[in-house]
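Structure, as structure tokens:
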Amino acid sequence: MLHIYRQLTGLQAFQTFVITKHRQNADRFPFNDLEPLVTPGRHVLRRGYLKYIAREPALIYRGEYDAIRRILIRRDPDLIHVYFGNTGVHLLPLLRNWDRAWVVSFHGMDVQRRPQEKGYDRKLAEVLQLAPLVLVRSLSLAKRLLDLGCSADKIRLNRTGIPLQNFPWVERSEPVEGEWQMVQACRLVEKKGLLSTLRAFRRFIGNYPKARLVIAGEGPMKEVLLRSINELSLGSQVRLTGFLSQEDLRRIYRESHIFVHPSELAADSNQEGIPNSMLEAMASGLPVVATRHGGIPEAVQEGVDGILVPERDEPALYEALVKLASRPDLWRQMGKQASRSVAGNFEQQQQITKLEAIYAEAIKLARQEASWLR
């Protein structure tokens, strides 16, 4: 994920290496200090015994525990950063025995319960109990963790950092003849509210027939979206770009006028943190029309740099789009403020400095605990 890559490569006071099971997208995410997780082959009977008789967790019966342990002994790190709560559940046998600093960070989908997975919720509660410090991307995620039993005194807010030099503010002119271009950039998944976007846009072109909508991203909902575009007769005015490079995404932002992101709570309780794409679009000067969902209200000041509406309220979403398009002065003012807001609250190096302070705090806590035990 891009926001994680930006954290890793932005560190200054700390050196880091990554343990990974699979190397993917090396061209997009060049990073040299990788430790591939190579697990020794296990006899099928031995693996079957560990899995079905001894009832050992996957980390053990797959041989990953010993493989990670060997890497940690050789590299001798001061701290482990576990990305995603579900990874913490997977690594729980290792974390129970780790005697140095570690932190775990939650990003959105990993705060949901999984009652269909036997023992998962109990193990997640144990991760939250064991973790010296727990990082979250938004206050809304912090609240979810409190509901899961996490102690408030160990939660630390570490927001997504945006490299502002890559998304400079762009001065835009009001489009001629109502040729407004909306953009939504995200994974094509349920919680992004993409069907609400399409239906609200269908209403919008009743007011502005020459308007366009660009949806940038890949995901499992692509075929559903294509069918909906066809059913709504939007084929000539909605474009699905697929995955875009950062340069192509910046170009789309420069050409657009409004960023749309009507996130909603998914059927599996998957919740949004603060969308990276929304922050990037705001940094470039795009006002936002979005929902009061997850961490979005922590980034969008309603009536200042965007308009927020209830989840799944397509008429309200349509009315917000019309409000901006019919008031170019408000549209221009909100765009300028959106760029200022991101610069003040989500600048990348500012957030990296906070992350490194959390690392230093975790190391200090671990050393204090070690001295008490001696």
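Worth pointing out:
- Residue list for the stretch 316-330, filter: buried (at least 21 other Cβ atoms within 10 Å of the Cβ) and among the hydrophobic types (A, V, I, L, M, F, W, C): LEU317, ALA320, LEU321, LEU324, ALA325
- Figure legend. Inter-residue proximity from the stretch 77-92: first residues at positive phi, second residues in a helix (DSSP H, G or I) and not hydroxyl-bearing (Ser, Thr, Tyr), beta-carbon distance below 6 Å, spacing 6+ or different chains. Indicated pairs: PHE84/ASP110.
- VAL136 vs. criteria in the same structural domain as ALA357 (by TED's automatic domain parsing), under 15 Å from SER151 (Cα atoms), among the β-branched types (Val, Ile, Thr) and surrounded by 15 or more Cβ atoms within 10 Å (Cβ to Cβ): yes
- Any hit, the stretch 54-76, residues being part of a strand (DSSP E or B) and assigned by TED's automatic domain parsing to the domain that holds GLN368: no
- Scanning the stretch 103-120 for residues that are over 22 Å from GLY63 (Cα atoms) and either assigned by TED's automatic domain parsing to the domain that holds LEU265 or among the aromatic types (Phe, Trp, Tyr) (or both) yields a single hit, PHE106.
- A search for C-beta distances below 6 Å between a residue of the stretch 345-374 that is under 25 Å from ASP76 (Cβ atoms) and any residue that is in a helix (DSSP H, G or I), counting only pairs 6+ apart in sequence or on different chains, returns ILE352/GLY10.
- Criterion (β-branched (Val, Ile, Thr), under 30 Å from GLU171 (Cβ atoms), in the same structural domain as ILE155 (by TED's automatic domain parsing) and assigned to a helix (DSSP H, G or I)) met by exactly one of ILE358, ILE363, ILE352: ILE352
- Within the stretch 287-305, being closer than 18 Å to LYS336 by Cα and among the basic types (Lys, Arg) holds for no residue.
- Scanning the stretch 4-40 for residues that are touching an Asp or Glu at 6+ places or on another chain (Cβ under 6 Å), among the β-branched types (Val, Ile, Thr) and either assigned by TED's automatic domain parsing to the domain that holds GLN246 or modelled with pLDDT of 90 or more (or both) turns up just one, ILE19.
- PHE106 within 25 Å of GLU361 (Cβ to Cβ), among the hydrophobic types (A, V, I, L, M, F, W, C) and surrounded by fewer than 19 Cβ atoms within 10 Å (Cβ to Cβ): no
- Breaking point among (1) closer than 21 Å to LEU355 by Cα; (2) of a type outside the set (Asp, Glu); (3) surrounded by 15 or more Cβ atoms within 10 Å (Cβ to Cβ), for GLN112: (1)
- Total residues in the stretch 230-246, condition touching a helix residue (DSSP H, G or I) at 6+ places or on another chain (Cβ under 9 Å) and closer than 20 Å to MET1 by Cβ: 4
- Cross-chain or 6+ apart pairs with Cβ under 7 Å, the stretch 245-259 first and over 17 Å from VAL289 (Cα atoms), then of a type in the set (Phe, Trp, Tyr): ARG250/PHE167
- Flag if THR39 is part of a loop (DSSP other than H, G, I, E, B) and under 18 Å from VAL82 (Cβ atoms): no
- Selection of the stretch 139-159 for residues being among the hydrophobic types (A, V, I, L, M, F, W, C) and either surrounded by 22 or more Cβ atoms within 10 Å (Cβ to Cβ) or in a helix (DSSP H, G or I) (or both) yields LEU139, LEU141, ALA142, LEU145, LEU146, CYS150, ALA152.
- Residue within the stretch 242-256 that is within 20 Å of ARG332 (Cβ to Cβ), part of a loop (DSSP other than H, G, I, E, B) and touching a Pro at 6+ places or on another chain (Cβ under 7 Å) present: no
- Meets criteria (surrounded by fewer than 22 Cβ atoms within 10 Å (Cβ to Cβ), assigned to a loop (DSSP other than H, G, I, E, B) and among the acidic types (Asp, Glu)) for ASP268: yes
The values are calculated or read from the model by the stated rules, or taken from the named source; none is laboratory data. A quick note: this is a predicted structure, and the numbers were derived from the prediction, not measured. Positions of Cβ are backbone-derived with ideal geometry, glycine not excepted, and every protein chain shown enters the neighbour counts.
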